[in-house]
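These notes concern the structure reproduced below.
The values are calculated or read from the model by the stated rules, or taken from the named source; none is laboratory data. What you see is a predicted model, and the numbers here were worked out from it, not measured in a lab. Every residue, glycine among them, receives a Cβ derived from its backbone with ideal geometry; neighbour counts consider all protein chains shown. In case anyone asks, the SASA skips ligands and DNA or RNA and just uses the protein heavy atoms, side chains included. Shrake-Rupley method; radii C 1.70, N 1.55, O 1.52, S 1.80 Å.
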Amino acid sequence: MSQVEESIEVGVPVSAAYNQWTQFEDFPKFMDGVERIEQRTPTLTHWKTRIAGVEREFDAEVTEQIPDERVAWTSVGGEARQAGVVTFHRIDDDTTKIMLQLDHDPEGLADTVGDKLGLVRRQAVGDLKRFKQFIEARGGAETGAWRGTV
C-alpha cells in the first residue's frame with residue numbers, strides 16, 4: 001500500500017472549498033486523468049479514469065462526511081484499490097487549508113512502476129493545484145453543495 005499526504009491553501013472560505021469538493025461530477029474539471037464520475041447515490045460514485053494510458057473503472061463509497069470538516073472514501077470493487085480522506089481547515093475567513101491523505105494499492109507492473117516513480121504523489125499535487133485554480137477563478141462560488149452527514 002502506497003501513501004500520499006499533501007496539502008494546499010486556497011483563497012476561499014472553508015464552506016466554499018468543502019461545498020465544491022462534494023461535487024464529485026465536477027472532478028474531471030480539475031483532476032487530470034479523471035474522465036467521468038457518475039453520482040449514483042448520495043454516498044456512491046462510479047469513476048472512469050485514464051492515467052498514464054491505463055484505463056480503469058471503479059466505484060467509490062463515501063464512508064464519512066462532515067460538512068466543512070472532512071470527506072472520506074474507499075473504493076468498492078472495480079479496477080482500483082484506494083481509500084482516502086480530505087480535510088478542510090479554516091485559516092481565516094477567506095483562506096482554507098485542504099489536506100489530502102490517500103492510500104493506493106498499486107496493481108500490476110504499470111501501477112507499481114508509476115508508484116515507484118512518484119506518479120501518484122505528483123498527480124495528487126497537480127490535482128490540488130488545479131482545484132485551487134478552479135475554485136479561486138470562480139471567486140469562491142462553488143458549483144453546488146451537498147451538506148449531508150455520513
## Note on the structure
Taking a probe of 1.4 Å and leaving out DNA, RNA and ligands, segment 2-137 shows per residue an accessible area in Å² of 49
### Message
Report the Cα centroid-to-centroid distance between segment 70-103 and segment 39-67 in angstrom, as an integer.
### Response
13
### Task
For residue 32, put the label point 7 Å out on the Cα→Cβ axis and report which residues of segment 126-142 keep their amide N under 16 Å from it.
126-134
### Message
Below 11 angstrom from the Cβ of residue 15, what's the summed charge of the other residues (Lys, Arg +1; Asp, Glu -1)?
### Response
-2
### Task
Work out, step by step, the length gained on full extension between residue 79 and residue 40: first 0.36 nm times the residue separation, then minus their alpha carbon distance; give nm to one decimal.
12.3 nm
## Note on the structure
Over the chain, the sum of -39500 (n - 2.57) across DSSP H runs of at least four, divided by residue number and rounded to 500 deg cm²/dmol, gives at 222 nm -7500 deg cm²/dmol
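Using DSSP to define loop residues, name the trypsin sites (Lys or Arg not before Pro) in segment 41-111 whose beta-carbon has at most 12 other beta-carbon atoms within 10 Å.
Filter output for segment 41-111: empty list.
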